[in-house]
Amino acid sequence: MKTSEEIDSKFRFVILAAKRAKQLIRGSKPRIRSKSKNPIRIAQLEVAKGLVNYDIIEPKKEQVRKPEEEGFIGEKIRDKGEEPIKKDEGKAKKKVAKPKDKPKDKPKDKPKEKAKEKPKKKKKGDKT
């Protein structure tokens, strides 16, 4: 088991604090006294003080993936005898919408009449 003094990266610190915070949320008792009630903050303090123990499990040889071949990202290099690769093959052609014919002699709508204004109410003390 290792302690906080041996934490090798900030990523490991974050993972440990997150797992400890989950334990605290589920009802585990805190290992330190803190003014903060936030389980995440308490977990961070516990990990920083080295109160959280953890194991680093090394992967087995069967679990480690080996690179199959050196990869090349980009277009395939073709031989001189091959035909050039056509970029348009396999792509659907775009359909372009044609504008609909609009009648040119369309009658214009009559302008809307303005709504009649309501007479203003007289206020007390007004002399008009």
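The values are calculated or read from the model by the stated rules, or taken from the named source; none is laboratory data. Keep in mind the model is a prediction, meaning the values are calculated, not measured. Every residue, glycine as well, gets a Cβ built from its backbone with ideal geometry; the counts of neighbours run over all protein chains shown.
Before moving on, here are some points about what is shown:
- Test: residue in region 26-40 that is modelled with pLDDT of 95 or more, of a type in the set (D, E, K, R), in a helix (DSSP H, G or I) and surrounded by fewer than 15 Cβ atoms within 10 Å (Cβ to Cβ): no
- Leu51 at pLDDT 80 or above and not in a loop (DSSP other than H, G, I, E, B): no
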